[in-house]
Amino acid sequence: MLGIVILAAGQGTRMRSEVPKVLHPLCGRPMVFYALDAVSGLSDLPPVLVVGHGAEEVRRTVGEAVTYVEQREQLGTGHAVLQARPALEGRADEVLILYADMPLLTGETLRRVVDARRSARAALSILTVVAEDPRGFGRVVRQADGSVARIVEEADATEAERAIRELNAGVYACDAAWLWAHLPALPLSRKGEYYLTDLVEMAASEGQGVVAVATDDPTEALGINTRVHLAEAEALMRRRINRRWMEAGVTMIDPQTTYIEPTVTIGPDTVIWPTTILRGRTAVGRGCHLGPNALIADSVIGDRCRVLASVVEGAVMEEGSDVGPFSHLRPGAHLGPGAHVGNFGEVKNSSLGPGAKMGHFSYVGDTEVGAGANIGAGTVTCNFDGRRKHRTVIGEEAFIGSGTMLVAPVRVGRRAVIGAGSVVTHDIPDDTVAYGVPARERGRREDPDESHTETQRHREK
């Protein structure tokens, strides 16, 4: 059985932040979750997360999906792994070790490191990367026959060793019995810490064998130590995410200005225009047009919807609905099939039924709008009395004239017509024409032509 140890105890002083390093967000998610994603499926045992600095905050964020052990003293990486011994000894016969601040690592690469050790029946396998910029990584020193001899940390390396471009990426797969026997024997470094890298020289000197596995993608070895590194990883992750969706049938007019978080899903034949942001648990259907200049967060967008230069958050748009430009669907907004919200509109905690239209410069809050209703420009639902929110109901095929105020709680009946500039303070029955301040019932709506005639008479007055 494979045991997995993820090191997340470091203070991350170079981040210059009160936030624990592994909780800094990358594409909208704390970076520790990328390590957890990478090891998912590699073992039936829950990963062991070694925490230290900000331990309680890390626990609250990650939850109960892992086994926690705490490194109370910062005595180096070897000491950190030793803290996991009680959780794994006797349960795992091999151990995979990685860092929580390497978010670009993939499960495929980790599996290669584990399989290489198994195939060679070696005590240890390591992940290496060849790169011109060493970024402070330890150098892999080889013997004359090409076998791995040791890893030397950059601070301890000679000038000749610093010229080596094969770097230690910080991923190890170990025989468990060998690991637990050798961790207590690690030498104390000049800094007063126990380095995990010294295991390599131990295994080589004992003839146990050390297998080096080179990563196919050098960017996987990027570790986050500064905000500069974080920005570099963000750009690489965005490129990786965008490429995956384009290969799945999504068109991006300008991938460099398109931001998609890893929790988002998108259907094929959707077109994403520049400077569009998709965040959180957003699900986008097929054949949509999003952007330019759209922000969609934690929302469900059905097939063939359009979002133009607008903000959609915590909302649902059903098939064929559209919004924008310059509008805002706030949490609880729900557009039915074919519903339309035009420019400079705002919808909050409200539903627009199938085919309902809200053209422009209107606010609808805590409202139910029936199918086929039309809301004129400048309409406002007055839903808050200073203490409580109240609901408005607008019936199917109702017509709300421009500049109307609907003072909740209030109900406008099916096919009712409200004249422009009205203030509605009481319920309006079905098929009724009403206008004025306050709005009064002026007649019946017998057919569409008559209702518009009544509205015109009101305007002439």
*Taking Cα centroids, how far is segment 292-360 from segment 73-133 in Å?*
47 Å
_Can you match semi-axes √(5λ) of the Cα gyration tensor in Å to one of these, [x] 37, 27, 22; [y] 64, 21, 17; [z] 55, 21, 19, based on a calculation from the structure here?_
[y]
*Would you please put 268-275, 248-255 in order of how densely packed they are, using the mean number of other Cβ atoms within 10 angstrom per residue and starting with the highest?*
268-275, 248-255
*Would you mind classifying segment 288-347 by shape? Square roots of the alpha carbon gyration tensor eigenvalues, ordered a ≥ b ≥ c; an a/c under 1.5 is rounded, otherwise it is prolate if a/b is larger than b/c and oblate if not.*
rounded
_At 0.692 mPa s and 37 °C, Stokes diffusion of segment 93-243 via Kirkwood alpha-carbon radius, µm² per second_ = 204 µm²/s
*Residue order, fewest to most beta carbons within 10 Å, for VAL369, VAL95, VAL141*: VAL141, VAL95, VAL369
*Ordered by packing density, taken as the mean number of other Cβ atoms within 10 Å over each peptide's residues, highest first, how do 20-33, 202-215, 423-436 rank?*
20-33, 423-436, 202-215
*Normalised contact order of segment 2-221, rounded percent, pairs of Cα under 8 Å and 6 or more residues apart*: 24 percent
*Using DSSP, restrict attention to beta bridges with both residues in segment 2-221 and report what percent are antiparallel, rounded to the nearest 5.*
45 percent
*If you take the Cα Rg of segment 249-460 and divide it by 2.2 N^0.38 Å, with N the number of residues, what do you get?*
1.09
_Pairwise centroid distance, computed over Cα atoms, of segment 141-204 with segment 1-69, Å_ = 24 Å
*For the chain, calculate the relative contact order in percent as a whole number, restricting contacts to Cα pairs under 8 Å that are 6 or more residues apart.*
8 percent
_Percent of Cα-Cα distances greater than 24 Å, calculated over segment 2-221_ = 39 percent
*asked:* Taking amide H atoms as placed 1.01 Å from N in the peptide plane, list the residues 5 or more away in sequence, or in a different chain, whose amide H sits under 5 Å from that of GLY359.
replied: GLY342, ILE375
*Surface/4 estimate of mean projected area, convex hull on alpha-carbon atoms of segment 313-396, nm²*: 4.7 nm²
_I need the shape label for segment 49-147. Rule: rounded when a/c is under 1.5, else prolate if a/b > b/c, else oblate, with a, b, c from the alpha carbon gyration tensor._
prolate
*Loop GluC sites (Glu not before Pro), segment 1-75, which have at most 12 other Cβ atoms in a 10 Å radius of their Cβ (DSSP)*: GLU18, GLU64, GLU73
*With each run of n ≥ 4 DSSP H residues scored as -39500 (n - 2.57), what mean residue ellipticity at 222 nm is computed for the chain after dividing by its residue count and rounding to the nearest 500 deg cm²/dmol?*
-6000 deg cm²/dmol
*Determine the principal axes of the Cα atoms in segment 209-260, then give the extent along each, sorted from largest to smallest and rounded to whole angstroms.*
49, 28, 11
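Every read-out reported here was derived from the displayed coordinates using simple, explicitly stated rules and does not represent laboratory data. Model, not experiment: these values are computed from the prediction. Neighbour counts are summed over all protein chains in view; Cβ atoms, including those assigned to glycine, are modelled from backbone coordinates with ideal geometry.
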